[in-house]
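Novice: Pasting a structure below so you can have a look.
Just so you know, all these numbers are worked out from the coordinates, no wet-lab data involved. Not measured: the values here are computed from a predicted model. Neighbour counts run over all protein chains shown; Cβ positions are idealised from the backbone, glycine included.
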Amino acid sequence: MTMYILIIVWSIINKSFCSYKVNTKTQRFCRNEYNLTGLCNRSACPLANSQYATVREEDGNCFLYMKTVERSGFPRNMWEKVKLSKSLEKALRQINEYLIYWPGFIKQKCKQRLLKISQYLIRMRKLRLRRQKKLVPIQRKQERRERRREEKALVAARLDSAIEKELLERLKRGTYGDIYNFPQVAFNKALEEEEDAEVNMEGEDYGEDEENEGEEAEEEIDEELEKELEEESENEEIEYVEADSDLERELESESDMEDIEPKATTSVKDNTRRKPRLEIEYETETLSKNAKRTV
Amino acid sequence: MSKVVARPLITVYNEKAEASGSTVQLPAVFRAPIRPDIVSFVQQQMSMNRRHPYCVSEKAGHQTSAESWGTGRAVARIPRVRGGGTHRSGQGAYGNMCRGGRMFAPTKIWRRWHRKINVNQKRYALCSAIAASGIPSLVMSKGHLINDVPEMPLVVSDKVQEYNKTKQAVVLLRRLRAWTDVQKVYKTRRFRAGKGKMRNRRRTSKLGPLIIYGKDQGLTKAFRNIPGVSLISVNKLNLMKLAPGGHVGRFCIWTESAFQRLNALYGTWRQKSKLKSDYNLPQPIMTGTDLSRLLKSDEIQKVIRRPRQMVRRASVKRNPLTNMRALMKLNPYSAVIKKSAAKVAEARKKNKEALLEKKRQASATKKVAA
């Protein structure tokens with residue numbers, strides 16, 4: 001009589017509907033938690049077999065679940081749960097003992113399942129000992145946004161000018177003592193600033209200070225060049241003092257031309273020339289310069 | 001034909017889901033043959049019976065006096081609307097291909113909406129459905145979560161019929177471990193896909209347990225607000241509730257009086273039904289369905305022939321013209337022929353040799369002589 005019922009059950013499950021059945025293109029799977037193989041077969045269906053057994057794992061412990069005909073009408077007590085030993089050998093022997101007169105398929109599959117479970121438990125334990133790599137997915141939009149914002153922040157920070165200011169301040173404070181390694185670009189810049197400042201403030205000492213500061217802003221020029229500069233300045237002092245106006249105008253024009261490239265060659269001379277000049281006639285020149293510039 | 005079937009005793013559970021001590025013998029209905037094909041067919045037919053007729057208006061598409069312009073006017077020959085002064089004039093009419101024309105085969109109200117189903121078939125289907133509801137495997141495969149239910153079929157004491165508060169109903173379902181099935185209903189509440197949404201069928205969900213009672217003393221009011229739960233009286237068992245969708249195996253909770261009434265309603269095979277005139281449970285086509293047991297039985301073994309145990313294996317064909325053994329198999333005398341032929345050949349050879357020898361000797365002597 002029960003056989004008859006099981007035949008009907010299987011014919012319904014197989015041909016009609018079963019809520020645990022999952023169909024793929026190649027195979028039929030069974031989502032029932034007690035299924036031994038995970039496939040939907042006549043021999044592996046826990047619903048269509050009155051005598052059935054599975055091995056399941058819970059928190060690292062393996063349990064043998066058994067179902068017999070006598071209990072088939074009482075779903076709550078249907079599955080008998082036996083804890084298997086942690087050692088694979090003993091557990092296999094236990095299975096043999098409990099499923100002694102059971103059909104070979106179920107015995108075989110239970111043991112296979114136990115083997116697989118124990119293998120993956122071992123693997124899990126090993127993995128935990130090693131460094132765990134955590135996979136973090138890349139958020140494309142966020143990455144894009146952050147990159148753009150970094151760029152903007154970089155531009156906004158204006159590192160160059162900040163560094164300049166910092167270095168100038170340090171010079172002012174006198175942390176560097178007396179240094180005469182003045183890079184050309186910085187020197188010119190400083191000069192310009194001095195000119196503007198002198199328009200406002202009119203201080204020789206102040207001008208000198210500013211000179212020094214400006215020159216120190218970027219330490220690019222070699223010491224050799226600087227030595228040459230000093231030598232030239234000493235030599236040229238005499239010459240340039242004589243021809244003031246012409247040379248001054250030339251210098252002015254040259255300084256006006258200070259955009260990018262011409263600085264390299266002319267600025268050296270300019271620096272040396274201007275050192276002595278600044279004290280006397282510079283003010284008038286700056287005035288005129290400014291007048292020119294405004295025009 | 002009396003059927004000897006095992007009909008165990010089912011324990012009745014009290015409100016706390018403990019065995020209340022009383023038992024009921026399983027009604028014979030639960031051992032009726034389960035015929036999913038009959039259930040499916042009957043359910044389909046029954047579902048046709050609650051349809052509302054629909055059709056298009058009789059006049060639709062014909063409320064014009066259109067007439068074809070005939071040939072010779074460089075237009076297609078479908079009837080065209082008479083008159084002038086509107087867009088409509090001269091437009092095609094009447095045909096199913098025309099805009100504003102009548103549809104092809106307009107639906108008629110005298111379509112056969114309802115189906116007549118044989119009473120016996122209906123009863124058969126119902127018996128099958130009830131029988132299937134007692135088999136836990138079928139109920140599980142239908143999708144109900146009954147893993148922790150104490151027993152199948154589930155019978156509760158009649159006290160439940162007096163419930164009038166939903167709270168009590170919920171407590172009972174929880175105790176019986178049927179609440180997971182109701183939770184499943186909660187989880188699957190969603191909007192229907194398709195136009196049914198705007199046709200008053202907006203929400204769908206799965207079905208939960210079915211409560212079958214003997215006498216409603218407030219039970220309906222207590223259970224009806226729980227989503228998924230349906231209620232029917234034993235006297236009015238409904239196939240649409242017992243096998244929704246044509247699939248057998250709904251999770252049923254019976255009250256004791258309902259359970260006991262089943263024998264009277266459907267009879268046992270020994271006894272006819274008391275409440276249905278001249279009705280008895282359907283007889284199965286085969287009483288013994290265990291194929292292996294049948295084949296081993298004496299009656300069949302006596303009649304069948306011996307099994308053919310010969311194992312035919314594929315053999316390699318050997319060419320008799322080249323393979324001596326194969327030739328011998330076909331013609332045993334060939335050995336003799338060959339031997340004799342070999343002897344003859346040898347004899348000839350010897351003779352030839354002898355002759356040659358003689359000739360050589362003769363020539364040698366001649367030489368010597370000369």
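Novice: Loop only by DSSP, 13 or fewer other Cβ within 10 Å of the Cβ. Give me the chymotrypsin sites (Phe, Trp or Tyr not before Pro) in region A:75-126 that pass, ordered by residue number.
Specialist: On the way: sites: A:TRP79, A:TYR98, A:TYR101, A:PHE105, A:TYR120; in loops: A:TYR101.
Filter output for region A:75-126: A:TYR101.
Novice: Between region B:231-295 and region A:4-27, what is the C-alpha centre distance in whole Å?
Specialist: Their Cα centres are 23 Å away from one another.
Novice: Continuing with this model, one more query. Starting with the fewest neighbours, write out B:ASP298, A:ASP59 ranked by other beta-carbon atoms found within 10 Å of each beta-carbon.
Specialist: Ordered from fewest to most neighbouring Cβ atoms within 10 Å, B:ASP298, A:ASP59 come out as A:ASP59, B:ASP298.
Novice: Something else: Under 5 Å between amide hydrogens, which residues at least 5 positions from B:TYR13 or on another chain qualify, with H placed 1.01 Å from N in the peptide plane?
Specialist: Long-range HN contacts for B:TYR13: B:SER20, B:VAL155, B:VAL156, B:SER157.
Novice: Separate question: For region A:24-35, just list the computed ³J(HN,Hα) in residue order, Karplus coefficients 6.51, -1.76 and 1.60, θ = phi - 60°, integers in Hz, with x standing in for Gly and Pro.
Specialist: 10, 5, 9, 9, 10, 9, 10, 8, 5, 5, 9, 5
Novice: Now a separate question. What distance in nm separates the simple spin-label points at A:TYR98 and B:SER89, each placed 7 Å from Cα in the Cβ direction?
Specialist: 9.3
Novice: A further question follows. Fewest to most neighbouring Cβ within 10 Å: what's the order for B:LYS274, B:LYS366? Numbers along the way, then the final one.
Specialist: Values: B:LYS274 13, B:LYS366 9.
So the residues, fewest neighbours to most, are B:LYS366, B:LYS274.
Novice: Same structure again: Among B:ILE253, A:ILE5, B:ILE304, B:ILE211, which comes first, second and so on when ranked by fewest other beta-carbon atoms within 10 Å? Show your work: numbers first, answer last.
Specialist: Values: B:ILE253 25, A:ILE5 21, B:ILE304 8, B:ILE211 28.
Ranked by crowding around the Cβ, least crowded first: B:ILE304, A:ILE5, B:ILE253, B:ILE211.
Novice: Give me the lysines in straight-line cross-link reach of B:LYS276: C-alpha distance below 26 Å, same-chain residues under 8 apart excluded.
Specialist: B:LYS3, B:LYS116, B:LYS122, B:LYS215, B:LYS236, B:LYS241
Novice: What are the residues whose amide H is under 5 Å from the amide H of B:ILE211, where those residues sit 5 or more places off or on another chain and H is modelled from the backbone?
Specialist: B:SER230, B:LEU231, B:ILE232, B:ILE253
Novice: Follow-up question, since we're still on this one. Determine which lysines satisfy two conditions relative to B:LYS367: a Cα distance under 16 Å, and not lying fewer than 8 residues away in the same chain.
Specialist: B:LYS367 reaches B:LYS358, B:LYS359.
Novice: What does region B:82-127 give for Rg and for Dmax, in Å, if only its C-alpha atoms count?
Specialist: Expressed in Å, the Cα Rg and Dmax of region B:82-127 come to 22.8, 69.
Novice: Once you average over the residues of A:10-17, how many Cβ atoms of partner chains fall within 10 Å of each Cβ? Mind showing how you got there, number by number?
Specialist: Details: counts 2, 2, 11, 4, 0, 1, 8, 9.
Partner Cβ neighbours, averaged per residue: 5.
Novice: Report, to the nearest 10°, how far helix B:256-266 tilts away from the longest principal axis of the Cα atoms in chain B, using its own Cα long axis and a range of 0 to 90°.
Specialist: 60
Novice: Here's something else I'd like to know. In peptide B:140-147, how many Cβ atoms from other protein chains are near each Cβ within 10 Å, on average? Before the final figure, lay out the partial values.
Specialist: On the way: counts 9, 14, 5, 4, 1, 2, 2, 6.
Across B:140-147, the average partner-chain Cβ count within 10 Å equals 5.
Novice: A further question on this structure: Per residue of region B:94-102, in order, report the coupling 6.51 cos²θ - 1.76 cosθ + 1.60 (Karplus, θ = phi - 60°) as ³J(HN,Hα) in whole Hz, putting x for Gly and Pro.
Specialist: 6, x, 5, 7, 8, 6, x, x, 6
Novice: Taking the 0 to 90 degree range and rounding to the nearest ten, how far is the long axis of helix B:166-175 tilted relative to the main principal axis of chain B, both from C-alpha atoms?
Specialist: Around 30 degrees separate the two axes.
Novice: How would you order B:180-188, B:263-271, B:339-347 from highest to lowest mean count of nearby Cβ atoms within 10 Å? Can you show the working numbers first?
Specialist: Working: B:180-188: 16.0, B:263-271: 18.0, B:339-347: 10.0.
Averaged packing, sorted descending, gives the order B:263-271, B:180-188, B:339-347.
Novice: OK, next. Taking each residue in A:74-85, count the Cβ atoms of any other chain within 10 Å of its Cβ, then average. What number comes out?
Specialist: Details: counts 6, 14, 9, 3, 3, 1, 0, 0, 0, 0, 0, 0.
That works out to 3 on average.
Novice: Sort B:153-165, B:309-321 by packing, meaning the average of other beta carbons within 10 Å per residue, with the highest value first. Walk me through the numbers on the way to the answer.
Specialist: Working: B:153-165: 19.4, B:309-321: 6.9.
Descending packing order for the listed peptides: B:153-165, B:309-321.
Novice: In whole Hz, what ³J(HN,Hα) sequence does region B:42-55 give by Karplus (6.51, -1.76, 1.60; θ = phi - 60°), x for Gly and Pro?
Specialist: 5, 4, 4, 5, 5, 5, 6, 6, 9, 7, 9, x, 9, 6
Novice: Can you grab the distance from the C-alpha centre of region A:164-185 to the C-alpha centre of region B:306-344, Å, no decimals?
Specialist: Measuring centre to centre over Cα atoms gives 116 Å.
Novice: Can you give the Kirkwood hydrodynamic radius for region A:1-128, in Å, rounded to one decimal and based on Cα pairs? Provide the component values of the computation, followed by the final result.
Specialist: Details: mean 1/r = 0.0639 Å⁻¹.
One over the average 1/r among Cα pairs gives 15.6 Å for region A:1-128.
Novice: Which cross-chain or sequence-distant (5 or more) residues have an amide H under 5 Å from the amide H of A:ARG28, H modelled 1.01 Å from N in plane?
Specialist: Here A:CYS40 satisfy the definition.
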